[in-house]
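A quick write-up on the structure given underneath.
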Amino acid sequence: MSTITLKKVKIFLSFLSRLCVGLLLFSTLHADGKLGVEEHPGGYVPLDVPFLDETGKQVTFRELMDGKPTILTLNYYGCPNLCTPQLNDLAQNLTRVKLSENKDYKVITLSFNPEETPSDAFKKKANLIASMKRPFDANAWSFLTGKEADIQKVTKSVGFGYEKQPDANGMAQYLHPAVLVALSPKGKITRYLNGIEQLPFDIQMAMMEASEGTVRPTIAKTLLFCFAFDPKNKTYVFAAEKIAATVLSLILGGFFLYLVLTGRKKQPSEEKDA
């Protein structure tokens, strides 16, 4: 291998190393902030924390669940990106599952933005119910708002990590994952469904298992994160640094292994030529 080629390889490897270290450092900072989902299967959500529903009435999870398995979604109603397609997908899936809402299961959507109000919840609920392709009992799906301390009691219980990042206009935007959490009638966390799109069958099975309190492992699916606008750099930030760092590390390791193997193959032939 020529001196020029070796020099280029060294420069390339050095660049990749610095890039990987930088990405890993950045992902560690987010990990310290617990951005993402730290699953707590078998754990419990608090059932008696007070929230306001879309009508402004004070309610608790215990009252809303009414002894039935429940799908919990954590969103915020002003989300410009991930939340809307996730909730739209859920709304359509709920019309396809072979279960009866309000009889076999309930749904709770909790806003983790403490600045949102029952009015925001009401508008979001009205739009979603109107989009559904069959008559749906609106009483089965509650949209909640609450105080930050009360919201965090729920988000921490399910391991849901999010980060507030104001946009250029000072409005609240959040980096957050997309996930549905299946709860048993007693509030036990029985399954996590990651991503913005689900299969009606998976939701149906999650509710049937939750009704019996059966804890199931997470269905393998990439955990998606919401984009958030960075007003300082005027760009959108994507919270997937761990994946990028892992991929780059694998590329680096594979390239290094290739160099070692090709170097060993060439060494005997170079000795024969000498």
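Overview of results
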| read-out | value |
| --- | --- |
| 22 Å Cα-Cα threshold exceeded, pairs from Lys153/Lys186; Lys103/Lys125; Lys68/Lys164; Lys156/Lys186 | Lys68/Lys164 |
| Percent RCO, i.e. relative contact order, over segment 49-196, from Cα pairs under 8 Å lying at least 6 residues apart | 32 |
| Relative contact order (percent, whole number), segment 143-209, Cα cutoff 8 Å, 6+ residue spacing | 19 |
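Bear in mind that the values in this text are calculations on the coordinates, not laboratory data. Quick caveat: nothing in here was measured; it's all calculated off a predicted structure.
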